[in-house]
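The values are calculated or read from the model by the stated rules, or taken from the named source; none is laboratory data. Worth saying up front: this structure is predicted, and the values here are computed from it rather than measured. So basically every Cβ, Gly included, is an ideal-geometry build from the backbone, and we count neighbours across all protein chains shown. Side chains included, ligands, DNA and RNA excluded: accessible areas come from the protein's heavy atoms. Shrake-Rupley method; radii C 1.70, N 1.55, O 1.52, S 1.80 Å.
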Amino acid sequence: MKHLLTLATALVVGICTAAAQHIVPEPASVTPGKGVHTRPVDKDRIDIRIDSSAFGSPEAYRLEVTPKKIRITGASDAGVFYALQTLRQLGDENQANVPCVTVEDSPRFSYRALMLDPARHFLPVADVKRFIDAMAMYKFNVLHFHLTDDQGWRVEIRKYPRLTEIGSTRAETDGDGKPHGGYYTQEQLRELVAYAADRHITIVPEFDIPGHSVAAVVSYPWLSCRAVDTLQVRTTAGVSPDLLCAGNDSTVTFIQDILREMCDIFPSPMFHIGGDEAPLDRWGECPKCRARKATLGLESDPELMAWLLRQASGTLAESGKRPMVWYETDVALYSAGTTVCAWRDGLTPTVIDSARTHGWPVVSIAGEHAYFDYPEAEADRPKGGAWMPVISLKRAYAFEPADAPVIGVEAALWSEYLPTIDSVFYRAFPRALALSEAAWSRPERRSWDAFKAKMPAQMRLMDANGIPYRKPSAAELK
Ligand code: TNX
């Protein structure tokens with residue numbers, strides 16, 4: 001009998017320690033207690049309080065589980081929400097038998113994002129909601145929503161209806177002969193904003209200018225520097241030379257009108273205006289762009305690009321919003337307060353240096369670790385992706401972002417080769433779990449060995465919560 005009791009105690013202590021050890025992202029502090037809280041959590045009384053004075057971060061929380069009660073103290077509603085996410089990871093499949101524990105926790109970064117790209121392949125509202133649910137479980141708080149690109153325009157703009165009438169459909173994709181299209185009405189976007197907000201996720205919209213604009217140019221050919229009668233919504237991946245014309249006053253009005261409509265839909269204090277991969281050659285040849293440079297006394301096309309982005313930033317400022325951009329070395333200067341996204345392989349140190357000089361915040365989306373459109377293993381390489389490096393789970397985990405001026409991290413799920421939400425999930429998970437630790441956990445609390453040991457429990461959790469993921473091989477978990 002005595003032996004049995006000892007064995008039972010050992011088992012219980014074992015369970016406690018094990019369950020508390022598989023939380024992702026790793027909390028700031030976990031102290032195992034004695035015993036198990038046996039009642040199912042959803043039928044149980046949880047003592048929930050908010051105490052904004054007790055914590056340094058508005059997203060912080062304390063979770064205390066004892067055999068008799070569960071108490072959550074959050075610095076805000078968000079803190080309570082994160083405590084509940086941690087609790088969800090602790091119980092068994094019936095959300096019962098939660099091992100006793102005290103978790104004290106707060107995030108390292110205030111910006112923790114995944115980026116979806118419905119411009120390349122449209123994602124219906126219900127699919128985006130499913131993705132938001134999965135993000136919430138791992139304490140992400142920003143969905144960066146890339147809504148416009150060469151291959152499709154996805155946001156209803158009342159003032160420019162052709163954007164969705166024409167620009168939301170392409171004739172085919174990579175020669176498959178099948179039209180592809182879709183867009184979100186403003187009402188649907190408001191619904192998504194509210195759905196995400198309920199899960200403490202802010203949707204940061206992106207309207208990508210002046211490049212990645214073929215769908216817009218095809219819808220309104222006067223946006224272009226040259227006649228574009230034969231141009232079509234792009235059907236392949238790649239970079240297009242057909243930018244928005246910076247010399248045309250109507251283009252500037254167009255950008256500002258769209259920003260105003262979108263600012264009204266998305267309450268986010270940040271707004272992404274793209275700025276990536278814009279070959280400026282056409283601007284150099286365009287009489288209107290040349291005239292604009294002459295009038296403004298600008299000497300180069302990169303300066304003209306900086307001017308155009310400033311026009312957009314000014315419009316955002318009217319609604320109290322700050323711009324974000326994909327940092328490129330060939331832009332003269334971004335506006336003060338622009339958040340710059342470091343993305344190109346190897347460029348992060350350069351971005352951080354220049355951000356320090358100019359006082360820009362940085363979001364790190366390092367291509368070496370956080371481009372989740374890249375295959376996780378050689379066998380998953382997409383047909384058109386011969387150039388893509390492999391980002392294994394281990395490589396995703398090795399992402400170690402710098403401190404200030406970095407305000408957060410993000411992974412990008414560019415979707416030229418991801419046609420459905422399941423394919424997006426398969427690329428995103430489990431690498432998003434690795435990213436969640438780069439975003440939330442202190443560097444000294446992170447280790448690959450500890451993380452890979454959490455994977456079996458996390459895979460069960462993803463299964464139980466309907467999150468499709470790519471199962472790592474035993475070799476990949478070495
Ligand atoms: C570059 S990353 C792009 C995207 C592509 C991606 C493919 C960035 C700012 N621009 O337009 O989808 O590469 O990996």
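Here are some notes:
- If you check Lys293, Lys288 for being in contact with a Cys (Cβ under 9 Å, 6 or more places away or on another chain), part of a helix (DSSP H, G or I) and under 24 Å from Tyr334 (Cα atoms), only one passes: Lys288.
- Among residues of region 195-218, those that are among the hydrophobic types (A, V, I, L, M, F, W, C) and within 17 Å of the chain's Cα centre (by Cα), counted: 6
- Answer from Lys383, Lys454 - the residue that is over 19 Å from Arg130 (Cβ atoms), of a type in the set (Lys, Arg) and assigned to a helix (DSSP H, G or I): Lys454
- Subset of region 352-382 [over 19 Å from the mean Cα position of the chain (by Cα) and within 14 Å of the ligand (Cβ to nearest atom)]: Arg381, Pro382
- Filtering region 344-387 to residues that are open to solvent by 10 Å² or more (accessible area, probe 1.4 Å), β-branched (Val, Ile, Thr) and either touching a residue at least 24 places away in the same chain (Cβ under 8 Å) or closer than 20 Å to Leu114 by Cβ (or both) leaves Thr348, Ile352.
- Within the set Val424, Val409, the sole residue that is under 28 Å from Val325 (Cβ atoms), part of a helix (DSSP H, G or I) and of a type in the set (Val, Ile, Thr) turns out to be Val424.
- Enumeration of residues in region 405-430 that are hydrophobic (A, V, I, L, M, F, W, C) and either open to solvent by less than 20 Å² (accessible area, probe 1.4 Å) or in contact with a helix residue (DSSP H, G or I) (Cβ under 9 Å, 6 or more places away or on another chain) (or both): Val406, Val409, Ala411, Ala412, Leu413, Leu418, Ile421, Val424, Phe425, Ala428, Phe429
- Entirely in region 67-132, the strands (runs of 3 or more DSSP E) that have 1 or more residues that are over 18 Å from Val30 (Cβ atoms): 111-116
- Residue that is nearest to the ligand (Cβ to nearest atom) [pool: residues in region 298-343 that are open to solvent by 40 Å² or more (accessible area, probe 1.4 Å), within 23 Å of Ile265 (Cβ to Cβ) and touching a helix residue (DSSP H, G or I) at 6+ places or on another chain (Cβ under 6 Å)]: Gln311
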